[in-house]
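Here the structure comes first, spelled out in structure tokens, and everything after it is commentary.
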Amino acid sequence: MEEILKYFPNLSDIQKQQFEKLEELYHDWNAKINVISRKDIDELYTKHILHSLAIAKIQEFEPGTSILDVGTGGGFPGIPLAILFPETQFYLIDVIGKKIKVVQAVAEALKLENVKAEQIRAENVKGDFDFIISRAVTNMPDFVSWVRLKIKKQQKHELKNGILYLKGGDLTEELKDFPKATEYNISTFFDNEFFETKKVVHLPLKYKG
């Protein structure tokens, strides 16, 4: 929790309480439904929560923004970002029902009224979004094919509407067909060695009416 406060010192008391509660909630749920690997659960704040919040260092979301989190698993990056941006609407999806059950329970326990979670494939989602976020669910070409028709036309952020993707390693090959993609090294913002090879990739996508 100290790490969260180190990099996000302006949290409200409610946000601090919500971030603190995550540890107990995920430990409890992980004992019933394994949504986080056993070795990672002890480093929940670094490897899952802070990692998710790296997106906020690239772009802060304006009130009224709508975000789709594809392949959210246990709720990452959506849940930490929903705590940080209570006036932004988050739609968290995954194809695995038991993971969505955990997300719904966590959101309910934290009273996150800006989170909707559903078991659904990305291709079947209706509506459009300012940004589509995810944490390395697949390669970028496949991911783009799932979500490219779900981008809002109206821009209201410094970054153009599109994908914000958490991924690690050398992405040269994966991004070769996407010249407009920008890679941001998370180690620029967070000094923990876990983030040395981790990145946020921004890929603007055009609205397709």
At residue 109 and residue 145, where each label point lies 7 Å from the Cα along Cα→Cβ, what is the point-to-point distance in nanometres? 3.8 nm
If the chain between residue 42 and residue 21 were fully extended at 0.36 nm per residue, the gain over the current Cα-Cα distance would be 6.1 nm
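What is the magnitude of the charge dipole of the chain about its Cα centre, with +1 placed on the Cβ of each Lys and Arg, -1 on the Cβ of each Asp and Glu, and no other charges, expressed in debye to the nearest 20?
Dipole magnitude for the chain comes out near 860 debye.
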Just going by the charge dipole of the chain, with Lys and Arg at +1 and Asp and Glu at -1 on Cβ, which of 82, 54, 192 is farthest out on the positive end? 82
Just read off the accessible area of residue 170 with the full protein assembly in place, 1.4 Å probe, to the nearest 10 Å². 130 Å²
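Relative contact order for region 57-135 using alpha-carbon pairs under 8 Å, separation at least 6, rounded to a whole percent?
39 percent
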Can you tell me, using C-alpha contacts under 8 Å and at least 6 residues apart, the relative contact order of region 83-172 as a whole percent? 26 percent
Tell me the relative contact order for the chain as a rounded percent, counting alpha carbon contacts under 8 Å between residues six or more apart. 18 percent
Dimensionless Rg/Rh of the chain, both radii on Cα and Rh by Kirkwood, sits at 0.93
Gain upon complete extension [residue 182, residue 121; 0.36 nm per residue less C-alpha separation]: 19.3 nm
Between region 8-25 and region 115-168, the alpha-carbon center distance in angstrom: 26 Å
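Can you list the trypsin sites (Lys or Arg not before Pro) in region 122-209 that are in a DSSP coil and have 12 or fewer other beta carbons within 10 angstrom?
Details: sites: 126, 135, 148, 150, 152, 153, 156, 160, 167, 176, 180, 198, 199, 206, 208; in loops: 126, 148, 150, 152, 153, 156, 160, 176, 180, 206, 208.
Sparse-neighbourhood loop trypsin sites (Lys or Arg not before Pro): 126, 153, 156, 176, 180, 206, 208.
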In nanometres, what is the gap between the two model label sites at residue 57 and residue 155, each 7 Å from Cα along Cα-to-Cβ? 2.5 nm
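The values are calculated or read from the model by the stated rules, or taken from the named source; none is laboratory data. Only a predicted model underlies this, so the values are computations on that prediction, with no experimental measurement involved. Don't worry about glycine lacking a Cβ; one is built from the backbone with ideal geometry, like all the others, and counts go over all protein chains shown. For the accessible areas, the whole protein counts, side chains as well, though only heavy atoms, and no ligand, DNA or RNA atoms are used. Shrake-Rupley method; radii C 1.70, N 1.55, O 1.52, S 1.80 Å.
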